[in-house]
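The values are calculated or read from the model by the stated rules, or taken from the named source; none is laboratory data. As the structure is a prediction and not an experimental result, all values here were calculated from the model. FYI the Cβ positions are ideal-geometry reconstructions off the backbone, even for glycines, and counts take in every protein chain you see.
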Amino acid sequence: MSMIRRAVALTEQRGALGSIPFGDTTPIPNSMLGGLGAAGTVVSENSTLQVAAVYGSLQVLCNAVATLPVRLYNGPDPTTRKSIPLVPLLTKPFVEISRIDWMTQFVMSLGLRGNFFGRITQRDPGDLTPTQIKPVRR
């Protein structure tokens, strides 16, 4: 092996393991990068929220969405539509916290992880639709 190839082999990091024939498509684990992510530093929810721009923009989104009024109507035409009473899941999603706090956690989870996880803690006895959802941190 030439000196240039050895230098490239020592500095090059591949996603596939060279010892497996034809490589492997699974991404390399973080331990192969010295415990750091591809950004060169540990990126987590806590470290992300320490950046003022991220925290501020998420707070604006959370506050804007959480304080929006929730209304249901029976049709799109404003002249003939009538208001429909809200289901319990929209008025009080989880009994231990307010709707605004629940919505804040919902939007924060979507902003940080791109998904929201909740545990159904109560269902309607008639049609088994959820009436209480507890936010779960994943």
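Within segment 50-67, the set of residues being farther than 19 Å from Trp102 by Cα and in a helix (DSSP H, G or I) comprises Ala52, Ala53, Val54. Between Ile100, Ile133, Ile120, the distinction of being in contact (Cβ under 8 Å) with a residue 24 or more places away in the chain, surrounded by fewer than 15 Cβ atoms within 10 Å (Cβ to Cβ) and aliphatic (A, V, I, L, M) belongs to Ile100 only.
Among residues of segment 122-138 being basic (Lys, Arg) and in a loop (DSSP other than H, G, I, E, B), the one that is farthest from Pro93 (Cα to Cα) is Arg138. For segment 68-97, a residue qualifies if it is without any contact (Cβ under 8 Å) to a residue 40 or more places away in the chain and either in a helix (DSSP H, G or I) or not assigned by TED's automatic domain parsing to the domain that holds Gln122 (or both), and the qualifying residues are Leu90, Thr91.
Has segment 108-121 got any residue that is assigned to a loop (DSSP other than H, G, I, E, B) and either of a type outside the set (Gly, Ala, Ser) or at pLDDT below 85 (or both)? Looking for residues that are assigned to a loop (DSSP other than H, G, I, E, B) and either of a type outside the set (Gly, Ala, Ser) or at pLDDT below 85 (or both), one finds at least one in segment 108-121, hence yes.
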